[in-house]
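Participant: I am attaching a structure below and will ask some questions about it afterwards.
The values are calculated or read from the model by the stated rules, or taken from the named source; none is laboratory data. Because the structure is a prediction, the values reported are computed rather than measured. Cβ: placed from backbone, ideal geometry, glycine included. Neighbour counts: every protein chain shown.
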Amino acid sequence: MAEPSSETIRRAQAGDQAAIAALVTEQQRYVYSIAMSLLHDPDEAADLTQDAFIRMLRALGSYRGETKLTTWLYRLVVNLGIDRLRRRGAQPIRLDEDGTDLDLPSTDPADDAPAAFERDEEAQAVRDAVARLPEAQRLALTLHYLEDLRYEDIAEVMGVPLNTVKSHIRRGKERLAVALGPALDRRSVAGGS
Amino acid sequence: MDVSLDDQDARNPRLDDLLRPVFVVEPPPGIQRSILAAVLMAVEPTVAAPSAATQRSAPRPIAVPISSRTISPVAYLLLGAVLLAYAGLVSWLHGVMGGPDWVSTMIRQLLVAVDLLAGQSLSTEPLALAGLLIQVAPWLLLLPLAWLLWDRDRASAGAR
């Protein structure tokens, strides 16, 4: 994930369609990933992605580079996503809290997740485990996996303190490590052999 | 960066490999194209000149529905019937007022109109010619309406 160059931003601000297209193309997968993390619905995520880009580009003329453009954009996506969830009547998301402890999958080999691995459905099992994370942890991890995004940037995007971000990421990884233990073991064996 | 978190990251590279593809999701190519097209269409006139309106809710790009209304053949037949009836009425009135029978009058008017439009013009002055046309065959005033309907039908058929 590269921050758009200042030249690209300047041209986009001037209305250069090629620069706008480049900006959207570069950032689309990250914006969509954040939207999916919040909404869990491909159609709604696509709609939110489109909405976020339109709003960002319409306000781009007033962008003066005080913050990174990507941080600005991702924060916009998060806010729009939370607005949508609120309109949908969903439980309000508190990004500064860990959220409710959801059903942590057991490490019992008889449970569904390991069985899924045995059936070679690792990816689905991972998605299921991720879906069970509290929203704040899932969003923090999504931003964390957007490659170059630093913890400080994640804190700015989520509007929470830095330590809260670290806590979300650490706890989220711990949960997932427990839930996906068998898959990790298999990878370890496969990597070692 | 938090040290303990770094340590944990170092211990869990496999976890990262497993999770990254799940968290970073690529939208389907069709969705990517449609998002890009919608964004370009929506922002084209406004990027260079931001205003207070940019802070408001951005309207979703609306696909302008192409009119699918067409004019049915029945409508054309009805229009033809109206034109014919109008010409017949005018001709009949002409006959009542002392001229020959209405069919002959109508035929004569049609011939005059054709002659004026396609043959040797009686006048080179456009206004005089138009006045003469209207005087001889007033039903020709309906022709623009017929042309308008035909043109709309053609445009509608072309858009589909």
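Participant: For region B:12-45: of the residues being part of a helix (DSSP H, G or I) and of a type in the set (D, E, K, R), which is farthest from the other protein chains (Cβ to nearest Cβ)?
Facilitator: My answer is B:Arg33.
Participant: For region A:132-147, give me the residue count where each residue is within 12 Å of chain B (Cβ to nearest Cβ) and over 11 Å from A:Leu176 (Cβ atoms).
Facilitator: 8
Participant: Follow-up. Which of (1) surrounded by 19 or more Cβ atoms within 10 Å (Cβ to Cβ); (2) at pLDDT 85 or above; (3) more than 10 Å from chain B (Cβ to nearest Cβ) does A:Phe117 not meet, given it meets every other one?
Facilitator: (2)
Participant: Of all residues in region A:169-187, how many are farther than 20 Å from B:Val25 by Cα and either modelled with pLDDT under 90 or surrounded by 23 or more Cβ atoms within 10 Å (Cβ to Cβ) (or both)?
Facilitator: Matching residues across region A:169-187 total 12.
Participant: Quick one: how many residues across region A:148-167 are within 20 Å of A:Val31 (Cβ to Cβ), more than 10 Å from chain B (Cβ to nearest Cβ) and not aliphatic (A, V, I, L, M)?
Facilitator: Of the residues in region A:148-167, 4 are within 20 Å of A:Val31 (Cβ to Cβ), more than 10 Å from chain B (Cβ to nearest Cβ) and not aliphatic (A, V, I, L, M).
Participant: So, one more: List pairs: first residue in region B:1-29 and over 22 Å from A:Ser167 (Cβ atoms), second residue at pLDDT below 80 anywhere in the structure, Cβ distance under 6 angstrom, at least six positions apart or on different chains.
Facilitator: Correct list of pairs: B:Arg14/A:Leu184; B:Arg14/A:Arg187.
Participant: Kindly establish whether A:Arg55 is facing chain B (nearest Cβ under 10 Å), crowded, with 17+ Cβ neighbours inside 10 Å, charged (D, E, K, R) and closer than 29 Å to A:Gly172 by Cβ.
Facilitator: When the stated conditions are applied, A:Arg55 passes them.
Participant: Residue check: is A:Ser5 without any contact (Cβ under 8 Å) to a residue 12 or more places away in the chain, among the hydroxyl-bearing types (Ser, Thr, Tyr) and within 7 Å of another protein chain (Cβ to nearest Cβ)?
Facilitator: So A:Ser5 does not fit the description; no.
Participant: Then there is this: Name every residue in region A:8-35 that is under 13 Å from the mean Cα position of the chain (by Cα) and without any contact (Cβ under 8 Å) to a residue 40 or more places away in the chain, in order of residue number.
Facilitator: If the condition is that a residue be under 13 Å from the mean Cα position of the chain (by Cα) and without any contact (Cβ under 8 Å) to a residue 40 or more places away in the chain, then A:Gln28, A:Arg29, A:Tyr32 are the ones that fit.
Participant: Take the conditions facing another protein chain (nearest Cβ under 7 Å) and modelled with pLDDT under 85 and apply them to B:Pro50. Does it pass?
Facilitator: yes
Participant: While we're here: Scan region A:9-45 residue by residue and report those that are facing chain B (nearest Cβ under 7 Å), more than 20 Å from A:Val157 (Cα to Cα) and either of a type in the set (A, V, I, L, M) or touching a His at 6+ places or on another chain (Cβ under 7 Å) (or both).
Facilitator: Matches in region A:9-45: A:Ala12, A:Ala14, A:Ile20, A:Ala21.
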